[in-house]
Amino acid sequence: GKANPAPPVGPALGQHGVNIMAFCKEYNAKTADQAGMVVPVEISVFEDRSFTFILKTPPASVLIRKAAGIERGASQPNKQKVGKITRAQLQEIAQTKMPDLNANDIEAAMKIVEGTAKNMGVTIAD
């Protein structure tokens, strides 16, 4: 975790009166094992300004870029292909994303992730 009080974290929490440094310390401690990954979070702020948060899974696009070893997706996804991932990598990403996707099984989750990959110009190799 590399959360710091700079935008977008500071202003978003500051307007709700949350202790920003306390949040950053807790978040960074919980995400220390996921260094370099984007880890979304859902924060609940209470009237006494205390808070709880739930970590989400990294965005599919981030996981796909990492698996394909690319910096960014294609600027014209249907015309240019920027990378490839294997069916096994696709399944692994779908497995990681499963808790946050509204998919009933791994097959449905794989289809969702495959759609994201195609929109990024990443092809799936069989």
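Which of the residues spanning the stretch 52-71 are modelled with pLDDT under 85, within 19 Å of Ile124 (Cβ to Cβ) and outside any helix (DSSP H, G or I)? The answer is Gly69, and nothing else.
Candidates are the residues of the stretch 73-126 that are under 24 Å from Lys56 (Cα atoms) and in a loop (DSSP other than H, G, I, E, B); the one that is modelled with the highest pLDDT is Asp105.
Looking at Ile93, Ile106, Ile20, Ile85, can you tell me which residue is more than 19 Å from the chain's Cα centre (by Cα) and not small (Gly, Ala, Ser)? Don't jump to the end; show me each part of the working.
Values: Ile93 fails: more than 19 Å from the chain's Cα centre (by Cα); Ile106 fails: more than 19 Å from the chain's Cα centre (by Cα); Ile85 fails: more than 19 Å from the chain's Cα centre (by Cα).
Checking each option against the conditions leaves just Ile20.
Restricting attention to the stretch 1-60 and to residues that are out of contact with any Gly (no Cβ under 8 Å at 6 or more places or on another chain) and of a type in the set (Lys, Arg), the residue that is farthest from Thr116 (Cα to Cα) turns out to be Lys25. The residue that is farthest from Phe46 (Cα to Cα), among those in the stretch 1-30 that are among the β-branched types (Val, Ile, Thr) and part of a helix (DSSP H, G or I), is Val9.
Inspect the stretch 84-95 for any residue being without any contact (Cβ under 8 Å) to a residue 12 or more places away in the chain, surrounded by fewer than 15 Cβ atoms within 10 Å (Cβ to Cβ) and of a type in the set (Gly, Ala, Ser) and give the result as yes or no. Yes, some residue in the stretch 84-95 is without any contact (Cβ under 8 Å) to a residue 12 or more places away in the chain, surrounded by fewer than 15 Cβ atoms within 10 Å (Cβ to Cβ) and of a type in the set (Gly, Ala, Ser). What pairs come out if I take residues in the stretch 62-81 that are touching a residue at least 24 places away in the same chain (Cβ under 8 Å) and pair them with residues that are among the charged types (D, E, K, R) and in a helix (DSSP H, G or I) whose C-beta lies under 8 Å away, six or more apart or interchain? Sorted first by the residue in the stretch 62-81, then by its partner, the pairs are Leu63/Lys97; Ala67/Glu92; Gly73/Arg65; Pro77/Lys118.
From Ala108, Ala68, grab the single residue that is over 27 Å from Glu42 (Cα atoms) and of a type in the set (A, V, I, L, M, F, W, C).
The unique qualifying residue is Ala68.
How many of the residues making up the stretch 1-58 are touching a His at 6+ places or on another chain (Cβ under 9 Å) and either surrounded by 14 or more Cβ atoms within 10 Å (Cβ to Cβ) or within 29 Å of Ile93 (Cβ to Cβ) (or both)? Matching residues across the stretch 1-58 total 3.
The values are calculated or read from the model by the stated rules, or taken from the named source; none is laboratory data. Quantities reported herein were computed from a predicted structural model and do not represent experimental measurements. So basically every Cβ, Gly included, is an ideal-geometry build from the backbone, and we count neighbours across all protein chains shown.
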